[in-house]
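Undergrad: Questions regarding the structure given below will be posed in turn.
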2 protein chains.
Amino acid sequence: MSDDEQELGITERKEYSPGEWYAEVVQKAELADYAPMGGFIVTRPRGYALWEGVQDHLDEKFKKTGAQNAYFPALIPESFLERESDIVEGFDPEVAWVTHGGHEELEERLAFRPTSESIITPFMSDWVRSHRDLPLRLNQWCSVIRWEATETKPFFRTKEFLWQEGHTAHESEDEAWDETMTRLDQYENLYEDVLAIPVMRGRKPPHDKFPGADTTTTVEALMPDGKSVQGGTSHYLGQGFAEAYDLTYTDEDEEEAVAHTTSWGLSWRALGALIMTHSDDQGFVCPPRIAPEQVVVVPIWNEDNREEVLDYAEGVADDLEAADVRVELDDRDERNPGFKFNEWELKGVPVRIEIGPNEVEDEELTVVHRPDGENAVEGRENVGETVEDHFDKVYAKLYDAAKENLEENVREAYETSQILGTIGQHGGYVKTPWCGDQACEQVIKEEIAAEIVMVPMDRDEEPIGDECGVCGDEACETAYFAKSY
Amino acid sequence: MSDDEQELGITERKEYSPGEWYAEVVQKAELADYAPMGGFIVTRPRGYALWEGVQDHLDEKFKKTGAQNAYFPALIPESFLERESDIVEGFDPEVAWVTHGGHEELEERLAFRPTSESIITPFMSDWVRSHRDLPLRLNQWCSVIRWEATETKPFFRTKEFLWQEGHTAHESEDEAWDETMTRLDQYENLYEDVLAIPVMRGRKPPHDKFPGADTTTTVEALMPDGKSVQGGTSHYLGQGFAEAYDLTYTDEDEEEAVAHTTSWGLSWRALGALIMTHSDDQGFVCPPRIAPEQVVVVPIWNEDNREEVLDYAEGVADDLEAADVRVELDDRDERNPGFKFNEWELKGVPVRIEIGPNEVEDEELTVVHRPDGENAVEGRENVGETVEDHFDKVYAKLYDAAKENLEENVREAYETSQILGTIGQHGGYVKTPWCGDQACEQVIKEEIAAEIVMVPMDRDEEPIGDECGVCGDEACETAYFAKSY
């Protein structure tokens, strides 16, 4: 193995050291690097292209469902944060403070936005006067900072992260709740259709809601190491924020009324879930729809047939480009085919097309899937349609594997030792009847750092047993315990 | 005039109070609002849509010419800024400093990025090893903060602003210079083709270069009030940054070499130039290609024909939408046509289609241009093509008017009193032979706050006279004096 090859390959194993393996995949697939300040990362072009894929997909859906993009200041005066007391309490320890501008100390310090309710809601209040101005639906793509002192994990745990935050106001609770569900549907759709990750939908338990929210809903994705990822949250905020920031309007009867608001956010953690779910010991694995490069064409020649193989390969790449496929032709002279295969596998290109003298002679292509190496010989004609078929197959493999992992890893337990034992042995989700008391979560948390990641969306759903799986008191709902990112 | 109408209309006059008029247009056309902290604004959906138009146009061009988007931290350690001494000196007084994270004081304070050379170049240095890794072209869409204590003017003067910053590394000066020119071409193309604003290209005088740059090139646009706007800058940085941040590579002869770098940026000031150039005493005027709404269809009915007029108008709007035209059907019951005309004129919709019973009967449309109210009766068929023709006409009117303003306002002067008198009387650009000494600019600046906004791109171009127009010493080039935003 040459120096180059050693450097190229993933040395850690996903099964045995998932944390180190993840960090290695992220860096060697050139998705992100660690910044010199703890908690910050640099998103490299191949990683940023994934985020652009998420943006393109969601932004189109948001706009079709009435949301408009806007941009609010990155810095928020401390007095604004203080107007909603739950917000202050929820974010106070996590805020990065700007205290000086140039050589002057500021009269009032400014927070780098940890989330923007406190600056957006007052403006919504200015812009909304009558029921005709509602619903008002704003969205912002931006970065936020939450100054948490934890180990950096690219896309999962970073002090600064990229996200979108939606903020809407409505006339009624029903409309605001519909909005909350529309956004959760869109998040679910992103995970399922684009990222090939099945998710579960639910509510956060009351003690883990967004500060000040009436209800926080979530989509949760199960990682291969048995931990849950909160994939995106959509909050019905009730009227609390509208009251705090004076978001009122004149209703149809000319009476003053208080709006119902929502907010909803999805961050680049979606990329963390994507990378961790599908990738393997050879590197990054990526579903075709969001892959920065969807196809790599690798010509395999010797001195006698170099020109004809290259010509043929160029023709294939040109046809794919004309069919709007993101294609790379790897015609580097200084690398052999084996090296190229490894490199593009590491980088997560879902479909490889190999072209040697046999393919040229028979007017065919050899199509190879990432991650399993399954290959097929296809005709040269209609190469655009051919690769689309293979994209569907690769997507189905990835989705089905993740779905199987999820389905096998939702278990039930009815007492503390069973909850602890099941999570300890298998990871995944453990459903248990729950009395609603945070103290019962604390018991589990202290033992194995698992928490209640969700409860069922339907508040009227009967719990799976009558007695709380931890304390034995009367159960009011079913809790899903899991370790989580 | 009703209360609503008074509130809707622009009360200031562009000719007599351009500053107040501009602020009123920006707010009443719902493009932006002032934030509570001086120097910050809130970009409303109609203003942000303009920025998305700029992004879409430039991003496609950037990607076609080899640039890749990435994302670097918003906060930069002070020690990074200090590695390039010109950068420190150039930005030190304008930096917003984060000094606290949560309740802790940071060991090293962090700057909210004023520009990102100091954090991007070290990573480029890590990523570039061999000449095969060059050219490397990165671009970032983000916000930056420069803490200048000046009066807030939306999109022109704000402490936080949105921009893109490109950063590239090359093997040779020639390649880096070509890159510098490619980006300037793209900026010029944005102004000319999308924003309908002619620009002049040139170099900044040495004392006004980007801190640390070898050469700063600029596109300058002339506003109707006679002031120049620096529309976008593209810098050839030479090898200074590469040396400071150790951006070296192994060349084809296996020797270590220092890269040549460029950076180039365009901010939302482009939107300020757009709004100020074309708008009038009725409100915002916007070229069709970038208009948030390109066409408004206004049905004009009475009780007898309401249904048929509305049906016909809906059909027209549907056809336009199918033809990918951004169209709004204003079928509000509670507003009369006159009110609607005023509102959409204020908001800058370039083409209005009026549909009354006559249009329905004759299967026609009345098409009205913003800004001049010129109208034409057109057939109902192929409405998509019809409006595209009118878009071209509206664009040509706007561009031609701006071009005429520019051509009439480049004058020559050969002595101090003439420079002062010409700018004082007419505004615009005054070309004068210049000795190259900043002191001569200072003489003019102190009298009438005009400065040298550019010198010719071609360093070998002969000055228009032998003696400096200010001091009379030997002239080395031609300076373009103007007041500027």
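Since every read-out is calculated from the coordinates, none of them should be taken as a lab result. All values derive from a computational prediction rather than experimental measurement. Here Cβ is always computed from backbone atoms with ideal geometry, including for glycine, and neighbour counts include all displayed protein chains.
Undergrad: Dipole size in debye (nearest 20) for region A:410-482 around its Cα centre, Lys and Arg Cβ +1, Asp and Glu Cβ -1?
TA: It comes to approximately 400 debye.
Undergrad: Still on this structure: Between region B:165-218 and region A:407-485, how many Å separate their Cα centres?
TA: Comparing the Cα centres of region B:165-218 and region A:407-485, I get a distance of 60 Å.
Undergrad: Compute the relative contact order of chain A as a whole-number percentage, counting only Cα pairs closer than 8 Å that sit 6 or more residues apart in sequence.
TA: 14 percent
Undergrad: Each label point is 7 Å from the Cα along the Cα-to-Cβ direction; what then is the distance between the points at B:ASP193 and A:GLU446, in nm?
TA: Spacing of the two 7 Å Cα→Cβ label points: 6.7 nm.
Undergrad: For region A:430-469, what does the equivalent ellipsoid look like in terms of its semi-axes, each the square root of 5 times an eigenvalue of the Cα gyration tensor, given largest first in whole Å?
TA: Values for region A:430-469, descending: 19, 11, 8 Å.
Undergrad: Could you tell me which GluC sites (Glu not before Pro) in region B:361-418 are loop residues by DSSP with no more than 13 other beta carbons within 10 angstrom of their beta carbon?
TA: Listed in order of number, the matching sites are B:GLU363, B:GLU374, B:GLU381.
Undergrad: So if we plug the beta-carbon distance of A:VAL258 and A:GLU82 into 1/(1 + (r/R0)^6) with R0 = 25 Å, what FRET efficiency do we get, rounded to 0.05?
TA: The value I calculate is 0.80.
Undergrad: So, R0 is 51 Å and r is the distance between the beta-carbons of B:LEU310 and A:ASP392; what FRET efficiency does that work out to, to 0.05?
TA: Once the sixth-power term is evaluated, E becomes 0.70.
Undergrad: What does the charge add up to near B:ASP473, with Lys and Arg as +1, Asp and Glu as -1, over the other residues with Cβ less than 11 Å from its Cβ?
TA: Result for the neighbourhood of B:ASP473: -4.
Undergrad: Next up: Using only the Cα atoms of region B:3-278, what semi-axes does the equivalent ellipsoid have when each is the square root of 5 times a gyration tensor eigenvalue? Give whole Å, largest first.
TA: Over the Cα atoms of region B:3-278, the ellipsoid semi-axes are 35, 23, 16 Å.
Undergrad: Can you tell me, using C-alpha contacts under 8 Å and at least 6 residues apart, the relative contact order of region A:124-266 as a whole percent?
TA: Relative contact order comes out at 28 percent.
Undergrad: Could you let me know the centre-to-centre spacing of region B:83-133 and region A:60-127, using Cα atoms, in angstrom?
TA: Each part reduced to its Cα centre gives a spacing of 24 Å.
Undergrad: Rounded to the nearest 0.05, what FRET efficiency do B:GLU407 and B:GLU361 give with R0 = 45 Å and r taken as the Cβ-Cβ distance? Could you check?
TA: It comes to 0.45.
Undergrad: When all C-alpha to C-alpha distances in chain B are sorted into bins of 20 Å, what percent of pairs does each bin hold, rounded to whole numbers?
TA: Going from the shortest bin to the longest, the percentages are 21, 48, 26, 4, 0.
Undergrad: Stick to Cα atoms and the Kirkwood definition of Rh, then tell me Rg/Rh for region B:111-210.
TA: Reported Rg/Rh, Kirkwood definition of Rh: 1.00.
Undergrad: Continuing with this model, one more query. A 32 angstrom limit on the alpha carbon distance is what I want to check against. Which of A:LYS397/A:LYS445; B:LYS159/B:LYS483; A:LYS347/B:LYS61 exceed it?
TA: The pairs that break the limit, which is 32 Å between Cα atoms, are A:LYS397/A:LYS445.
Undergrad: Using only alpha-carbon positions, what ratio does the radius of gyration of region A:410-482 give when scaled by 2.2 N^0.38 Å?
TA: Relative to the 2.2 N^0.38 Å estimate, region A:410-482 comes out at 0.95.
Undergrad: List the GluC sites (Glu not before Pro) within region A:427-485 that fall in a DSSP loop (any state other than H, G, I, E or B) and whose Cβ has at most 11 other Cβ atoms within 10 Å.
TA: A:GLU461
Undergrad: Using only alpha carbon pairs under 8 Å that are at least six residues apart, calculate the relative contact order of region A:428-484 and give it in whole percent.
TA: Once divided by the residue count of region A:428-484, the mean separation gives 54 percent.
Undergrad: Across region B:163-212, what fraction of all alpha-carbon pairs, as a whole percent, falls in each successive 5 Å bin from zero upward?
TA: Calculated over all Cα pairs of region B:163-212, the distribution is 5, 15, 19, 26, 22, 9, 3, 0 percent.
Undergrad: Continuing with this model, one more query. DSSP H helices in chain B with Cα extent of 27 Å or more along the helix axis and mean Kyte-Doolittle hydropathy at least -1.0?
TA: The qualifying helices are B:383-408.
Undergrad: Hey, another quick one. For the protein assembly as shown, what number results from the quotient of the Cα radius of gyration and 2.2 N^0.38 Å?
TA: Working it through for the protein assembly as shown, the quotient is 1.01.
Undergrad: Scan region B:379-474 for trypsin sites (Lys or Arg not before Pro) in coil per DSSP, keeping those whose Cβ has at most 14 other Cβ atoms within 10 Å, and list them by number.
TA: B:ARG459
Undergrad: Note the full-extension length gain between A:GLU381 and A:GLU474 as 0.36 nm times their separation in residues minus their Cα-Cα distance, in nm to one decimal.
TA: 26.8 nm
Undergrad: With equal scatterers on the alpha carbons only and no solvent term, can you work out the Debye log10 of I(q)/I(0) for region B:295-390 at 0.12, 0.18, 0.25 1/Å?
TA: Result of the Debye calculation: -0.32, -0.76, -1.51.
Undergrad: Another question, then. Once you wrap a convex hull around the alpha carbon atoms of region B:323-443, what is its projected area averaged over all directions, in nm²?
TA: Directional mean of the projected Cα hull area for region B:323-443 stands at 12.0 nm².
Undergrad: Same structure, new question: What distance in nm separates the two pseudo spin-label positions at B:ASN336 and A:GLN68, each 7 Å out from Cα along the beta-carbon direction?
TA: Distance between the two pseudo-spin positions: 2.6 nm.
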